[in-house]
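Here's the structure we're looking at; comments come further down.
Every number in this text was worked out from the coordinates using simple rules, so none of it is lab data. All values derive from a computational prediction rather than experimental measurement. As a convention, Cβ positions derive from the backbone with ideal geometry for all residues, glycine included, and neighbour counts pool all protein chains shown.
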Amino acid sequence: MSWDAELFVALAFLLFVGAVIYFGLHNKINEMLDARAATIKTELDEAARLRAEAAALLQSFEQKKVAAEAEAETIVAQARAEAELIAKEAHQRMAEFVERRKQQAEQKIVMAEQQATADVRAAAADAAVRAATVVLRDEAKGDVGDKLVSDGISGLKALAH
């Protein structure tokens, strides 16, 4: 029988398997692998839980984003409505202001016309009084003339005013 290398390898393998079985190394390796599998399972469960939390958080933020956009649109619409209302009020106030100013100007014009008419009448009455005074002084002389002049002047002044 020859002792070749294959026989030594086979004997070494059998001795190794026997030592592993005798010392219970296969149970220890199996326990270590089971512990590692449990750790990995715990980490996977934790990762799944964190992923679910992240998905819920993302959903929450998307809902908040939609709500914020809706609120922003509402605010913009409300601001537009208020701006239109303010513009209408300003236009109405401006129209009322212009109308008041127009009425004031028309009143001033009417008053100026009345004043001008009164001034013209007064000037005409004064001119008529002076003319009558000159005519009556030259035409009527004496006490009767003086009385006529004073009565005429008083009458003209009363009519003019």
*asked:* Could you tell me how many cubic angstrom of Cα convex hull volume segment 27-66 has per residue?
replied: 24 Å³
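Using the Cα centre as the reference, give the magnitude of the dipole from point charges on the C-beta atoms of segment 15-157 (Lys, Arg: +1; Asp, Glu: -1; all else neutral), rounded to the nearest 20 debye. Don't skip to the end; give the middle numbers.
Values: 20 positive and 24 negative charges, 31 e Å.
My answer is approximately 160 debye.
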*When log10 I(q)/I(0) by the Debye sum over Cα atoms at q = 0.14, 0.18 Å⁻¹ is calculated directly from the model, which label among (i) -1.00, -1.14; (ii) -0.71, -1.03; (iii) -0.76, -1.16 fits?*
(i)
*With springs only between Cα atoms under 10 Å apart, run a GNM on the chain and tell me which of Ala131, Ala90, Ala112 wobbles the most.*
Ala131
*Using only Cα atoms, tell me the angle between helix 143-160 and the longest principal axis of the chain; keep it within 0 to 90° and round to the nearest 10.*
20 degrees
*Check cross-link reach from Lys64 to the aspartates and glutamates: straight Cα distance under 18 Å, and skip same-chain residues fewer than eight apart.*
Glu53, Glu73
*Hey, if you put +1 on the Cβ of every Lys and Arg and -1 on every Asp and Glu Cβ in the chain, which of Leu7, Ala132, Ala87 ends up farthest toward the positive end of that dipole?*
Ala132
*Round to the nearest 10 and give me the degree value, 0 to 90, for the angle of helix 5-23's Cα axis relative to the longest principal axis of the chain.*
70 degrees
*In degrees, nearest ten, helix 25-139 long axis to first principal axis of the chain (Cα)*: 0 degrees
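Could you pull out the chymotrypsin sites (Phe, Trp or Tyr not before Pro) across segment 1-67 that fall in loop regions by DSSP (anything but H, G, I, E, B) with no more than 14 other Cβ atoms inside 10 Å? Spell out each step's value before the answer.
Numbers: sites: Trp3, Phe8, Phe13, Phe16, Tyr22, Phe23, Phe61; in loops: Trp3.
Sparse-neighbourhood loop chymotrypsin sites (Phe, Trp or Tyr not before Pro): Trp3.
Tell me, what is the percent relative contact order of the chain, built from C-alpha pairs under 8 Å that lie six or more residues apart? Numbers along the way, then the final one.
Numbers: 22 pairs, mean separation 20.4, N = 161.
It comes to 13 percent, rounded to a whole number.
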